[in-house]
Amino acid sequence: MSRRPPFSLAAAATIGVAFLVLPLIGLLAKAPWSDLPALITSSEADTALRLSLECSLGALALALVTGVPLAWLLARRDFPGKSAVRALVTVPLVLPPVVGGVALLFAFGRRGILPLHIAFTTWGAVAAEAFVAMPFLVLAVEGALRSLDERYEDVASTLGAGPLSTFRRVTLPLVGPGLAAGAALAWARALGEFGATITFAGNLPGTTQTLPLHIYVQLQSGHPEAAIAASVLMLAVSILVLVALRGRWRVSRG
């Protein structure tokens, strides 16, 4: 039997919902709906969107290739400094993105520890987005691995499957929903990245100016309608990601 919540808690919760929803309503209310198709298909917006998709998918690929093995290591093996590694993995979640961009600059910039010369290039934008997005994937996959019954992997091993074959044929399919959710979150975070990108990769049209940077430029240059139109596009993508994630959560609970 459900109970009615105390009035004070219900009122505070209502204020919290309003605080989160009203800015979105304001954005939609100010959107130039009649001119929206033309604004989001302009050459500048189209280039920024294409670059955003390329960089975010590249960041996701980098996160998958390196983050999934890292998540498996954290979930399945004990090694010296494991707690420190897990803490370092989560640092980008709380680190201001601009600070992350500065850190990348002194790690992989022209005068960095590893002078890869990718600063202020498209590859730099990919690296900046991967830096802030990878923890979402690692934490989601590690959680899925920890909740997985290891007996399935043990059975595969007794049947002669090697560690890599067991990981590829047994482990990955079983943690598929968690992997998909983590990948979707990581991709969405990479798509919306601003601070680390502009600091490490710059704001070069056609090279590093992704859609969030395009929105910033349009606001600064006195074109609020173009900025609002691009923001509505980003909001639509975010909603689609949330809908996709909700489906994955249902699968994982089932």
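Write down Rg/Rh for segment 1-51, rounded to two decimals, with Rg from the C-alpha atoms and Rh from the Kirkwood relation over Cα pairs.
Values: Rg = 19.3 Å, Rh = 14.4 Å.
Dividing the radius of gyration by the Kirkwood radius yields 1.34.
Relative contact order of segment 1-145, please, whole-number percent, based on alpha carbon pairs below 8 angstrom and at least 6 residues apart.
30
Counting each DSSP H run of 4 or more residues in the chain as -39500 (n - 2.57), what helix-only mean residue ellipticity at 222 nm follows after dividing by all residues, to the nearest 500 deg cm²/dmol?
The helix-only estimate for the chain comes to -24500 deg cm²/dmol at 222 nm.
Using a Gaussian network model on the chain with a 10 Å cutoff between Cα atoms, which of A84, A188, A130 fluctuates the most?
A84
Would you calculate the volume per residue, in Å³, of the smallest convex hull containing every Cα atom of the chain?
Considering the Cα atoms of the chain, their hull volume per residue is 191 Å³.
Take the Cα atoms of segment 135-254, build their convex hull, and give its volume per residue in Å³.
Spelled out: Cα convex hull of segment 135-254, divided by residues, is 119 Å³.
Give, as a single signed number, the net charge of other residues whose beta carbon lies under 14 Å from the beta carbon of A196, with Lys and Arg counted +1 and Asp and Glu -1.
Numbers: positive: R189; negative: E129, E193.
With Lys, Arg at +1 and Asp, Glu at -1, the net is -1.
Which of the trypsin sites (Lys or Arg not before Pro) found in segment 65-155 are in a DSSP loop and have at most 11 neighbouring Cβ atoms, other than their own, within 10 Å?
Of the trypsin sites (Lys or Arg not before Pro), the ones in loops of segment 65-155 whose Cβ has at most 11 other Cβ atoms within 10 Å are R77, R110, R111.
Given Cα positions, please report Rg to Rh for segment 50-100, the hydrodynamic radius being the Kirkwood one.
Using only Cα positions, Rg/Rh for segment 50-100 is 1.07.
Once you list every other residue whose beta carbon is under 13 Å from the beta carbon of S52, what net charge do they have if Lys and Arg are +1 and Asp and Glu are -1?
Working: positive: R50, R189; negative: E44, D46, E54, E129, E193.
Charge balance in the 13 Å sphere: -3.
Give the peptides 232-245, 51-64, 168-181 in descending order of average Cβ contacts within 10 Å, highest first.
Details: 232-245: 14.8, 51-64: 21.1, 168-181: 18.1.
Peptide ranking by packing, descending: 51-64, 168-181, 232-245.
Between L219 and L53, what FRET efficiency follows from the Cβ-Cβ distance if R0 is 22 Å, with the result rounded to 0.05? Working shown, then result.
Values: r = 22 Å, r/R0 = 0.99.
Plugging the Cβ-Cβ distance into 1/(1 + (r/R0)^6) gives 0.50.
Which net charge results when you count Lys and Arg as +1 and Asp and Glu as -1 among the other residues whose beta-carbon is under 11 Å from that of A133?
-1
Values quoted throughout were computed directly from the atomic coordinates according to the rules given, and no laboratory measurement underlies them. Computed from a predicted model, the values in this text were never measured in an experiment. Note that each Cβ is placed from the backbone with ideal geometry, even for glycine, and that neighbours are counted across all protein chains shown.
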